[in-house]
Structures are given as C-alpha cells and as structure tokens.
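S.K.: Before I ask anything, let me first share the structure, which is written out below as structure tokens.
Quick note: the coordinates plus some simple rules give every number you see, no bench work behind them. Keep in mind that what you see is a predicted model, and the values were worked out from it rather than measured. Quick reminder, even Gly has a Cβ in these numbers, built from the backbone with ideal geometry, and neighbours come from all protein chains shown.
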Amino acid sequence: MSSRLLFPVMAVIVIVFLQAAAGESEMNIVVYMHDNLTGRHQTSFPVAGLNGSSSNPGKFGTLVVISDAITKRPYVNTNPGNIVGRAQGTYVNTNPVTGLDFFMVFTLIFQNMEYNGSTLEIQGTDRFDQPQCEYAVVGGTGKFRFARGYAVVTVESASGPNAVLKFNTTFLVPS
Ligand SMILES: *[C@@H]1O[C@H](CO)[C@@H](O)[C@H](O)[C@H]1NC(C)=O
Ligand SMILES: *[C@@H]1O[C@H](CO)[C@@H](O)[C@H](O)[C@H]1NC(C)=O
Ligand SMILES: *[C@@H]1O[C@H](CO)[C@@H](O)[C@H](O)[C@H]1NC(C)=O
Ligand SMILES: *[C@@H]1O[C@H](CO)[C@@H](O)[C@H](O)[C@H]1NC(C)=O
C-alpha cells in the first residue's frame, strides 16, 4: 500500500480507538466462590477422566463440572443479601507431571438485585502451587455486555478439598 493511501486508514483507526476509550468505564467486583468437592453440600463433581467419574480431580485429565455458590462475603450464610449467584462451568486438570494446573472455564451468573440475570465469562489457568492466579474476563451479558478484563484469584480458606476462592474482578464495559 502506498503511503498516500496508508495515512487516511491510520487516521480512521485512531478516531475509532479514542471513541472506544472515551465510552468505557472500569468496574470492580469482588465475590467468593465456594467450591465443594465433598460433603453434604457438594457443588463440584468429577464427571470424566482416566478412571471415569471416579477419577481424582488432582490427577491429569479429570474433568469437573461445577455449580458453586458465589457470595459477597467469604462465609456462607442464608442471608439473601450475601448470595450473589452461581459459578457454573467446568475445570479440567491439565498437568500430567504435578497435577497442580487446572484449565478453568465457567460463567459467573449474578442473581442478586443489582445485576440479576447478568453474567461474566471467566477463562484461565489455575496453578495450585502459586499464591495467586489471574483468569481473564472474556465477555459478559446483560449489564456486562462487551466486558473484558481480569480476575485476581486467591484461596480465602480451605477445608480438605473444599475451598473458598476470592475473585477480585476488574473489567471494562461500555458506559
Ligand atoms: C462447603 O463445605 C464446607 C465444609 O467443608 C461447609 O462448611 C460449607 O458450608 C460448604 N459450602 C456450601 C456453599 O455449601
Ligand atoms: C485411577 O485408578 C488407579 C487405581 O486405583 C489409580 O492408581 C490412579 O491414580 C487413578 N487415576 C485417576 C486419574 O484418578
Ligand atoms: C431475579 O430475576 C428472576 C427472574 O426474572 C426473579 O425471579 C428473581 O426474583 C430476581 N431476583 C432478585 C433478587 O431480584
Ligand atoms: C481488588 O484489587 C484491587 C487492585 O487490583 C485492590 O485495590 C482492591 O483493594 C482489591 N479488593 C479487595 C477486596 O481485595
């Protein structure tokens, strides 16, 4: 392409970019995800793997399906204001050597008053031997249409294989 043609193309790209930047706002939402692999309130189930549905989630290849509660505060209680919604999707163990990496892909489904019916799409790799992980916010629906950003994830507490994960999400949405 000649430079005579390239200049107007670049000008158009710059204008579009500035308009996008001006029309976006940053949001921060912190929620806690209760991932229970055992117990009376199991929400996280191995469904497939090298030994079928009895596969160990800590071993390579095991696929776990989740419908975990998400809350505003780290503890679980029946106060309706504390339940924000559910995290529904899957994770799969992807490390054949240590068994400590998980490919996570799930939806944060909000059911509380403020964001009822809106969702955030989460995808990323959890490295169990790291103090914190970062997943991508790759999209959203409802009030979070066109969302993109990241979630910093830490373990808030754990009891055997049951864990409460803290999600500190930061993302842009068109304003
Ligand atoms: C998850 O299991 C723990 C016990 O390990 C229990 O205290 C907690 O209430 C359970 N969470 C949910 C959301 O049921
Ligand atoms: C499958 O079962 C065998 C025998 O019990 C065990 O040694 C192995 O770790 C299991 N693998 C998985 C992925 O659960
Ligand atoms: C969320 O929306 C559903 C379906 O429209 C409704 O049944 C429910 O009462 C709403 N929840 C809140 C907390 O507003
Ligand atoms: C979430 O992360 C931001 C920085 O990315 C930090 O300023 C904020 O304090 C964090 N919120 C919580 C509740 O940890």
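S.K.: Restricting the search to the range 75-93, which residues are surrounded by 15 or more Cβ atoms within 10 Å (Cβ to Cβ) and assigned to a loop (DSSP other than H, G, I, E, B)?
M.R.: Result: Val76, Asn82.
S.K.: Within the range 127-142, does at least one residue satisfy the condition of being buried (at least 17 other Cβ atoms within 10 Å of the Cβ), under 14 Å from the mean Cα position of the chain (by Cα) and within 16 Å of ligand 2 (Cβ to nearest atom)?
M.R.: At the first step, the residues of the range 127-142 found to be buried (at least 17 other Cβ atoms within 10 Å of the Cβ) are 133, 135, 137, 139-140.
Subsequent filtering for residues that are under 14 Å from the mean Cα position of the chain (by Cα) retains 133, 135, 137, 139-140.
Subsequent filtering for residues that are within 16 Å of ligand 2 (Cβ to nearest atom) retains none.
No, the range 127-142 has no match at all.
S.K.: Right, something else. So, in the range 41-54, of the ones that are without any contact (Cβ under 8 Å) to a residue 12 or more places away in the chain and closer than 14 Å to Pro161 by Cβ, which residue ends up nearest to ligand 2 (Cβ to nearest atom)? Before you say what the answer is, go through the steps one by one.
M.R.: Pass one, the range 41-54, residues without any contact (Cβ under 8 Å) to a residue 12 or more places away in the chain: 41-42, 51-54.
With closer than 14 Å to Pro161 by Cβ added as a condition, the list becomes 41-42.
Numbers: His41: 23, Gln42: 17 Å.
Going through the qualifying residues, I end up with Gln42.
S.K.: Also, quick follow-up: So how many residues does the range 60-92 have that are of a type in the set (S, T, N, Q) and under 16 Å from the mean Cα position of the chain (by Cα)? Can you show your working first?
M.R.: Within the range 60-92, the subset of a type in the set (S, T, N, Q) is 62, 67, 71, 77-79, 82, 88, 90.
Subset that is under 16 Å from the mean Cα position of the chain (by Cα): 67, 71, 88, 90.
Looking only at that region, the number is 4.
S.K.: Tell me, please, whether a residue that is within 10 Å of the chain's Cα centre (by Cα) and of a type outside the set (Val, Ile, Thr) can be found in the range 156-165.
M.R.: We begin by selecting, within the range 156-165, every residue within 10 Å of the chain's Cα centre (by Cα); these are none.
No, that holds for no residue.
S.K.: Something else about it: In the range 31-60, which residues are closer than 26 Å to Val76 by Cα, part of a strand (DSSP E or B) and either within 16 Å of ligand 3 (Cβ to nearest atom) or not polar (S, T, N, Q) (or both)?
M.R.: Answer for the range 31-60, where residues must be closer than 26 Å to Val76 by Cα, part of a strand (DSSP E or B) and either within 16 Å of ligand 3 (Cβ to nearest atom) or not polar (S, T, N, Q) (or both): Val31, Tyr32, Met33, His34, Asp35, Phe45, Pro46, Val47.
S.K.: May I ask you to list pairs of residues, at least six apart or on different chains, whose Cβ atoms are under 8 Å apart, with the first in the range 151-175 being without any contact (Cβ under 8 Å) to a residue 12 or more places away in the chain and farther than 12 Å from Ile70 by Cβ and the second being part of a strand (DSSP E or B) and away from ligand 3 (no atom under 16 Å from the Cβ)?
M.R.: Listed by first residue and then by second, the contacts come to Val155/Ala163; Val155/Val164; Val155/Leu165; Val155/Lys166; Ala158/Val164.
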